[in-house]
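Each remark here refers to the structure printed beneath this line.
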Amino acid sequence: MDLEEQILRYYLKAFSFTFIICTTLFFFYILYLFNKNIEIKKNPININKGDSIDKVLTSNIVDLTTLEITLVKIYIKINNYINKKFFHFGDFSIQSNSSIRDFLKIISKPSNVLLKITIVEGWSQKQLNLELSKYFKNFHTIPYQDIIADTYYFNKNTDFTSFLSRLYNFKRNYFEKYRNNELNDKFNVNELMIIGSLLEKEGLDKDDKKQISSVIFNRLDRKMKLQIDATVLFAITNGKYDLNRKLLRSDLKINHPFNTYIYRGLPPEPISYVGKNSLDILFENNKNDFLFYFFNYSLNKHIFSKSFKEHKEKLYEYRKK
């Protein structure tokens, strides 16, 4: 082996050794870079649709060097190509002591910052529209019978159509759970929503709603008029419930399809949004012999009676006091 070949081998060994050392150091540097804690400029962060990788990194992470940004960009492009993972836009909450790897994992999924809308049982459409306007620029009034009042969580960038679809699914799944209940033999879903809305506007608490639901069922079985004040209030105010006075006897005579003092059976549609708890009470199908009730303001509760005679006597005693 001549001298020239020995020198060549020496340089090849030296180069190989240096390459291995550099590669190893670079590998450990990459591990360090992606696992070291980073400081977020503000939390939650916001990523707009179309933001570049550079902007996402420099706008949200403190003191990233040009080399670090370049390495992260290379990693992101490789990851996008292999795993088909891309940035999502929206708001993201980043925990303290997070790493770049944690950061990238979070923003590669839908927004983890959830908004919340609570649709209150017994709300009118006007009240829900006011709440929806806080979160959606484009929305429409939701019919009472279409959804169940509850608390719903959603991402900030969810559009109204997607949000509404979630509400539809919730109602569909709820009634599917009760598909074998005996009430389904007597009433369809819309009728149960109507009865539920009557409970929302008339009932005070769970026990009170149980009693009233039974009164409604008893009266429907006997083909009696329901004579529910809430339907008169709905008719007079066109569903806004802003009468700002007590109902008068003359109000009970208003000729309106929702007035259950005039028309037999259920109103054509629900008179408010119905909550899951009231529907649960309905499906319990509580039974009693009551046919009449009135509200006692002194006791702050409804007084129930089994006959009109008993009802008149209790009402007379109440008025006398």
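The values are calculated or read from the model by the stated rules, or taken from the named source; none is laboratory data. Here the structure is a predicted model, which means the values were calculated and not measured. Every residue, glycine as well, gets a Cβ built from its backbone with ideal geometry; the counts of neighbours run over all protein chains shown.
Data for the structure
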quantity	calculated
Unmet criterion (only one of (1) touching a Leu at 6+ places or on another chain (Cβ under 7 Å); (2) among the hydrophobic types (A, V, I, L, M, F, W, C); (3) closer than 16 Å to residue 200 by Cα) for residue 247	(3)
Residue in the range 91-104 that is under 30 Å from residue 238 (Cβ atoms), among the charged types (D, E, K, R) and modelled with pLDDT of 85 or more present	no
Count - residues of the range 125-168 that are loosely packed, with under 15 Cβ neighbours inside 10 Å and β-branched (Val, Ile, Thr)	3
Residue match in the range 24-47 (condition: without any contact (Cβ under 8 Å) to a residue 60 or more places away in the chain, in a helix (DSSP H, G or I), touching an Asp or Glu at 6+ places or on another chain (Cβ under 7 Å) and assigned by TED's automatic domain parsing to the domain that holds residue 102)	no
Residue that is nearest to residue 93 (Cα to Cα), among those in the range 141-167 that are in a strand (DSSP E or B), touching a residue at least 60 places away in the same chain (Cβ under 8 Å) and not polar (S, T, N, Q)	149
Residue count for the range 139-163, restricted to those that are closer than 20 Å to residue 121 by Cα and of a type in the set (Ser, Thr, Tyr)	5
Some residue of the range 256-269 being of a type in the set (Gly, Ala, Ser), touching a Leu at 6+ places or on another chain (Cβ under 9 Å) and loosely packed, with under 13 Cβ neighbours inside 10 Å	no
Count of the range 168-192 residues which are in contact (Cβ under 8 Å) with a residue 24 or more places away in the chain and among the acidic types (Asp, Glu)	2
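Condition check ((1) more than 30 Å from residue 268 (Cβ to Cβ); (2) not in a loop (DSSP other than H, G, I, E, B)) across all residues:
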position	(1), (2)
64	yes, no
72	yes, yes
80	yes, yes
95	yes, no
102	yes, yes
139	no, no
